[in-house]
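Worksheet: the structure to be examined is printed underneath.
The values are calculated or read from the model by the stated rules, or taken from the named source; none is laboratory data. Please read all numbers here as calculations on a predicted model, not as lab measurements. Don't worry about glycine lacking a Cβ; one is built from the backbone with ideal geometry, like all the others, and counts go over all protein chains shown. Just the protein is used for accessible areas: all its heavy atoms, side chains included, with ligands, DNA and RNA removed. Shrake-Rupley method; radii C 1.70, N 1.55, O 1.52, S 1.80 Å.
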Amino acid sequence: MEYRGVKLSEGEKIFVTHGAQEGIRVDGRGPGDYRPIQIDVGVMPNCFGSARVCIGETEVIAGVKAELQTVDDTSVVDNSIQFEIDISANASIHFEGKRGEDFGSELALVLHTAYNNENVLPDLKKLIITKNHYWIVYVDMVILRYEGNVMDAVSLAAKAALYNTEIVDLMKIPGDQGKVYVELPELYTTFTFDVSRVPIVVGVCKVGTANVMDPTASEEECVRAVLYIGLVPPEADENVPYGMPSTELPDEECNICLLRQSGGGSVETESIRAMAILGVATARKLNIALMKHLLLATEQNAECEWIKPLV
């Protein structure tokens, strides 16, 4: 993921790098601090589910749609959720043409890899209707504004949109020769997904010798390597609201579903361990803040602003 929208001089890069190594970034944040985050759900009424995520000036919108598929045997279907990420031509001049397509494909591949685990979204079994019919879910995202750290933004947007998704329960109608047909009943119901174990993907950036979260576009010019970490949250506690992750289990008990290095710089083994520890701890905090926000928005039946979840 080499497509960045800001060019810094060598002197500016040295200034940013030395500041990160001293624990003081250009905008005053610490190495692990995030910019203000805002999340809204249900922003596109023509979708089955949708969400909008802003991290600082980076803005992503996600929409979920489901299409009914007819196949010979649904037991062999192993890809019922697909991701596609487009980049607006106005997001950054460096994403024009094929470079933007390649960057979007790389982001979508990271999400697909993180989600490629039957335990992260067990409700996908609900998408199988009959032996010959199933729903395929498309999570389409558009990066409207790019100001760094787009990976975290698309990860949060995907999870929030899936949380907001409602899919229709179709009626099964027996036919001749053992065939089963489906149709939409006059009074239909819908089902939702349990996203409590849907992974959160974060990028831990190596700036000089410092490990930095949520880099701006300017800081990304100084990043020599990124470690993307996908975390499957721990099982939900029985004594907390539905969908809330466990806060009792230590970070060591969490499951990492993705560990992928990006960028041209090399990273030492011990440094990778430190980056992974920071990434796991950060992903857990993000997930807890996200689920609290989504539950609150649902209870209030309205969107609410989520600012600075990490302290």
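Observations on the model:
- Hey, Thr189 over 19 Å from Leu231 (Cα atoms) and open to solvent by 30 Å² or more (accessible area, probe 1.4 Å) or not: yes
- Cβ pairs under 8 Å, 6+ apart, first in the range 286-304 and more than 18 Å from Thr165 (Cβ to Cβ), second at pLDDT below 85 and open to solvent by 70 Å² or more (accessible area, probe 1.4 Å): Ile288/Thr247; Cys304/Leu296
- Enumerated strands (runs of 3 or more DSSP E) restricted to the range 125-191, each holding at least 1 residues that are touching a Gly at 6+ places or on another chain (Cβ under 6 Å) and in contact (Cβ under 8 Å) with a residue 60 or more places away in the chain: 133-145
- Whether a residue is modelled with pLDDT of 65 or more, over 19 Å from Cys54 (Cβ atoms) and open to solvent by 40 Å² or more (accessible area, probe 1.4 Å) was assessed, and Glu248 does not pass this test.
- Among the conditions (1) under 27 Å from the mean Cα position of the chain (by Cα); (2) in a helix (DSSP H, G or I), Val16 misses just one, which is (1).
- Taking each residue of the range 47-68 that is among the basic types (Lys, Arg) and looking for partners that are open to solvent by 10 Å² or more (accessible area, probe 1.4 Å) with beta-carbon atoms closer than 6 Å, six or more apart or interchain, yields Arg52/Asp40; Arg52/Val43; Arg52/Ile61; Lys65/Cys47; Lys65/Phe48; Lys65/Tyr138.
- Residue within the range 84-106 that is in a helix (DSSP H, G or I), hydroxyl-bearing (Ser, Thr, Tyr) and modelled with pLDDT of 80 or more present: yes
- Qualifying residues in the range 283-311 (those that are open to solvent by less than 70 Å² (accessible area, probe 1.4 Å), part of a loop (DSSP other than H, G, I, E, B) and touching a strand residue (DSSP E or B) at 6+ places or on another chain (Cβ under 7 Å)) - the one modelled with the highest pLDDT: Trp306
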